[in-house]
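Data block below; observations after.
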Amino acid sequence: MPGVGQAEGVSDERVVALWRDGGAVVVPADEPVLSAFDLGLVRGDGVFETVAVTGGGTPHLDAHLARLERSARLMELADPGRGAWQALVDALLARWSTPVEGAMRLLLTRGLGVGLPTTALGVLSPVPAETVRQRTEGIAVVTLGLGVPADFRSTAPWLLGGAKTLSYAVNMAALRHAAVHGADDVIFTSLEGQILEGPTSTVVWSADGVLHTPPPETGILPGTTMARLFARAAEAGRPTAVTPGTVDDLQAADAVWLVSGVRAAATVHTLDGVPRGDAGLSAGVRGLLAR
Ligand SMILES: Cc1ncc(COP(=O)(O)O)c(C=O)c1O
């Protein structure tokens, strides 16, 4: 529960649950839970999901669990199964204050080595104020090259394209690089200048009344929020398209968003230092996601 003197909806609470001996166990948030030799820690050898918690629930959990299973398969990691993940989610939610908007991370690591059990755990903490600010006020974004051809990762399974692995050091370094240049976020581009994705988000843009997003064959992570947005847009009769785009396409677009589960659709108000508008489209996009 929020501590005494905290505003409603603001909390420093944190919850941790482990999958241990066939059951979900909640442990004190500051208790050490991993072996120092866990390969998730030592090598970033694992997968994860970040799931939005709203109104005390996880309305979009299924899509995240499906992707977690897919990531585990791509990594040849033994997955404890839907029942285990659901038990961890339930254990975390049981300790959570309903009005607080949360970010739940579900993590699966290779544990202590091949042939030994994998490590599965979940952590839940409040959505940072900065994330809420970016969702509300929009973001300045810089484009940064990833150095791979757009069609390379689909032929290179060792690069783990499309898997949400724990190896996010490059993604975090890109965000720090952006911050040094006065930006909030990043759009990665391929060697030949195609739009790929953000370090923690999917790129969506609107041009001529069509919502566009880059092809998953580029090795980007298939975004669950983008998929939901596109499904709901289609239901509402709004055309969508999977399009290989360039930075010029984004500069010429009516609106650009970085979309992800917790931050939802963050409007890009500045791209590579150039201010840009959203043609009044952001409210509609957020409305589609909020339903
Ligand atoms: C690299 C990357 N792309 C896209 C996304 C967006 O995924 P989702 O909409 O499922 O949150 C994320 C989310 O963390 C991400 O890390």
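The values are calculated or read from the model by the stated rules, or taken from the named source; none is laboratory data. What you are looking at is a predicted structure, and each value in this text was computed from that prediction instead of being measured. All Cβ positions, glycine included, derive from the backbone under ideal geometry; neighbour counts span all protein chains shown.
Yes or no, residue by residue, for (1) within 14 Å of the ligand (Cβ to nearest atom); (2) over 25 Å from Met172 (Cβ atoms); (3) in a loop (DSSP other than H, G, I, E, B); (4) at pLDDT 95 or above:
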site: Ala66; (1), (2), (3), (4): yes, yes, no, yes
site: Arg70; (1), (2), (3), (4): yes, no, no, yes
site: Ser97; (1), (2), (3), (4): no, yes, yes, no
site: Leu106; (1), (2), (3), (4): yes, no, no, yes
site: Leu124; (1), (2), (3), (4): no, no, no, yes
Query raised in the report: Among the residues of segment 208-258 satisfying the criterion of being in contact with a Ser or Thr (Cβ under 9 Å, 6 or more places away or on another chain), small (Gly, Ala, Ser) and over 23 Å from Arg291 (Cα atoms), which is nearest to the ligand (Cβ to nearest atom)?
Result: Gly219
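Could you check, for segment 261-284, whether at least one of its residues is of a type in the set (D, E, K, R), in contact with a His (Cβ under 9 Å, 6 or more places away or on another chain) and assigned to a helix (DSSP H, G or I)? Before the answer, list the steps.
Taking segment 261-284 as the starting set, the residues that turn out to be of a type in the set (D, E, K, R) are 263, 272, 276, 278.
Okay, now just the ones that are also in contact with a His (Cβ under 9 Å, 6 or more places away or on another chain), so 276, 278.
In the following step, the residues that additionally are assigned to a helix (DSSP H, G or I) were identified as none.
Taking every residue of segment 261-284 in turn, none turns out to be of a type in the set (D, E, K, R), in contact with a His (Cβ under 9 Å, 6 or more places away or on another chain) and assigned to a helix (DSSP H, G or I).
Residue-by-condition table, conditions (1) surrounded by fewer than 13 Cβ atoms within 10 Å (Cβ to Cβ); (2) within 30 Å of Asp184 (Cα to Cα); (3) touching a Gly at 6+ places or on another chain (Cβ under 6 Å):
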site: Gly83; (1), (2), (3): yes, no, no
site: Gly102; (1), (2), (3): no, yes, no
site: Val123; (1), (2), (3): no, yes, no
site: Gln134; (1), (2), (3): no, yes, no
site: Gly147; (1), (2), (3): yes, yes, no
site: Ala163; (1), (2), (3): no, yes, no
site: Ser167; (1), (2), (3): no, yes, yes
Query raised in the report: Among the residues of segment 37-45, is there at least one that is free of Cβ contacts under 8 Å to residues at least 40 places away in the same chain and outside any helix (DSSP H, G or I)?
Result: no
Query raised in the report: Being more than 30 Å from Phe37 (Cβ to Cβ), away from the ligand (no atom under 16 Å from the Cβ) and not in a loop (DSSP other than H, G, I, E, B), is that true of even one residue in segment 82-94?
Result: yes
